[in-house]
Amino acid sequence: MKKRVLLVICIGLIMCIAMAGCGSQTKESESKTPEKRTAVVDQGGNEVQLPETITKVAITPIPWASAMWTIDGGSERIVSINPSAMAQYKASFMPTLDPAFAAISTAEITKDFAINVEALMNLKPEIAFIWNDQTAEAEQLKAVGITPVMLNYAENLDDLKKDLLLVGQVLGKEDEAEKLTAYHTEVENYFINKKAKLDTVTKKKVLYLQNSKLSVAGAKNINNYLLQLTGGVNVASGLDKKWSEVNMEQILEWNPEIIYLSNFDETMPEDLYQNKIEGQDWSNIDAVKNHRVYKTPVGILRYDAPCVETPLMLKWMGSIQQPELFKDYDLRKDLKAFYKEFFAYDLTDENIDTILKVDANN
């Protein structure tokens with residue numbers, strides 16, 4: 001009888017130990033199960049379930065290679081970009097900041113944003129940033145296990161900030177994106193708060209020229225808003241497009257007092273001052289007669305597009321259009337502070353001259 005009791009007790013102990021072991025294994029297994037990342041809503045209105053880890057990213061929109069680089073703090077996760085983005089990289093200040101960026105592949109994306117999905121699969125990106133009208137490309141990417149995230153071509157500063165914050169969410173760099181957009185908001189508010197004083201001064205007539213074919217920034221171009229905010233009047237604001245081609249007769253009728261030359265082509269102020277463009281006569285335009293033609297800056301990207309450095313574009317425009325009204329900031333000092341804060345780089349005076357195209361704009 002005693003032996004039987006001892007046997008029952010031993011069996012009970014063994015079962016308890018086994019059950020305890022199973023319980024601990026279950027808890028350990030549960031603790032090792034990674035949590036799913038929260039879905040984000042992209043700029044196409046799609047709810048996107050993000051991969052648990054993101055180690056590689058492809059980017060079709062041109063400006064967003066430099067924006068992701070800024071928010072992520074480097075180019076390590078970028079595996080493929082638009083060849084036009086690489087061309088802009090080589091013409092910008094970025095090679096000084098990140099020489100390794102030059103090794104990013106451009107073979108999988110064309111200049112018109114088309115994606116060679118089969119080639120991209122070989123790079124194994126988990127995420128691809130694309131424009132919000134690339135619905136067909138989004139389906140192709142999803143079919144091969146690459147998560148598409150749509151961005152919007154910003155026509156205003158609110159859209160630009162939404163895009164920046166979305167990139168931050170996707171990369172797990174929310175704090176960095178919020179710090180950057182906070183600076184954008186701060187600078188925009190500075191100019192908004194000057195509106196009452198702006199209304200008391202004469203605003204300069206400004207032409208924003210994209211290229212030598214006389215494509216100009218119209219009402220739907222973000223630069224139209226930037227001009228208004230900084231004390232200018234866009235002479236082409238009656239054209240309801242981002243960019244519109246006009247002729248010299250129209251420009252002569254507008255007779256702008258200031259002309260900004262974009263970095264979409266190589267046209268320089270000297271080309272207008274010396275009438276070097278065949279078939280065009282700039283000699284009777286006030287901006288040319290008064291030597292007020294400016295090549296726009298290029299930092300980590302040309303300032304012509306909505307970008308990380310758009311607040312600096314605002315300050316640059318303000319210092320040219322209304323220097324007396326906007327004399328309570330120092331553009332060169334602010335450039336140095338921005339690069340130190342967001343790129344961890346100490347600009348020299350020569351660096352600033354290069355970014356602001358000082359030689360061309362003298």
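Ignoring ligands, DNA and RNA, what accessible area per residue does the chain give at 1.4 Å, in Å²?
Numbers: 17960 Å² over 362 residues.
That works out to 50 Å² per residue.
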| request: Extending each Cα 7 Å along its Cβ direction at Thr135 and Thr348, get the distance between those two points in nm, one decimal. | output: 5.3 nm
| field | Dipole-positive endmost among Gln274, Val216, Asn234 within region 183-288 (Cβ charges, Cα centre) | value | Asn234
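Keeping all protein chains in place and using 1.4 angstrom, which order do Lys124, Lys204, Lys289 fall into by accessible surface area, from largest down?
Values: Lys124 145, Lys204 60, Lys289 120 Å².
Final ranking, largest accessible area leading: Lys124, Lys289, Lys204.
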| said: Taking θ = phi - 60°, what integer Hz values does the Karplus form 6.51 cos²θ - 1.76 cosθ + 1.60 yield along region 181-189, in sequence order, with x for Gly and Pro? | reply: 5, 5, 5, 4, 5, 4, 5, 4, 5
| query | What is the Å³ per residue value for the convex hull set by the Cα atoms of region 160-232? | reply | 107 Å³
| task | Could you work out the mean projected area of the convex hull around the alpha carbons of the chain, in square nanometres to one decimal? | result | 25.9 nm²
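Carbon and sulfur: what percent of region 196-295's accessible surface (1.4 Å probe)?
Working: 2090 of 4720 Å².
With neighbouring chains kept in place, the figure for region 196-295 is 44 percent.
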| field | Considering only the chain, percent of DSSP beta bridges that pair antiparallel, nearest 5 | value | 25 percent
| How many percent of Cα pairs in region 221-362 exceed 18 Å? | 59 percent
| said: Between 0 and 90 degrees, rounded to the nearest ten: what's the tilt of helix 2-32 against the longest Cα principal axis of the chain? | reply: 10 degrees
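Sorting check: for 266-272, 299-305, 63-69, 77-83, which peptide has the highest mean count of neighbouring beta carbons within 10 Å, and how do the rest follow?
On the way: 266-272: 16.6, 299-305: 24.4, 63-69: 26.7, 77-83: 21.9.
So the peptides 266-272, 299-305, 63-69, 77-83, ranked by packing, come out 63-69, 299-305, 77-83, 266-272.
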| field | Kirkwood hydrodynamic radius of region 178-273, Cα pairs, Å | value | 14.5 Å
| request: Could you run the Karplus curve 6.51 cos²θ - 1.76 cosθ + 1.60 with θ = phi - 60° over region 134-144 and give me ³J(HN,Hα) per residue in whole Hz, x for Gly and Pro? | output: 8, 5, 5, 5, 4, 5, 5, 5, 4, 5, 10
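Once every DSSP H run of n ≥ 4 in the chain is given -39500 (n - 2.57) and the sum is divided by its residues, what mean residue ellipticity at 222 nm do you get, rounded to the nearest 500 deg cm²/dmol? Before the final figure, lay out the partial values.
Numbers: 17 runs with 164 residues, N = 362.
About -13000 deg cm²/dmol.
Packing-wise, with mean Cβ within 10 Å as the measure, how do 187-193, 55-61 rank, highest first? The partial results should precede the final answer.
Values: 187-193: 15.7, 55-61: 22.9.
Ranking the peptides 187-193, 55-61 by packing returns 55-61, 187-193.
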| How large is ³J(HN,Hα) for each residue in region 274-290, as worked out from phi by the Karplus curve 6.51 cos²θ - 1.76 cosθ + 1.60 (θ = phi - 60°), to whole Hz, x for Gly and Pro? | 9, 6, 7, 8, 4, x, 10, 10, 9, 5, 9, 8, 4, 4, 6, 4, 9
| query | Lysine pairs, Cα distance under 20 Å, 8 or more residues apart or cross-chain: how many in region 82-188? | reply | 6
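The values are calculated or read from the model by the stated rules, or taken from the named source; none is laboratory data. Predicted model only: the values in this text are computed from it and were never measured. Using ideal geometry, Cβ is built from the backbone for each residue, glycine included, and neighbour counts are taken over all protein chains shown. Heavy atoms of the whole protein, side chains included, go into the accessibility calculation; ligands, DNA and RNA do not. Shrake-Rupley method; radii C 1.70, N 1.55, O 1.52, S 1.80 Å.
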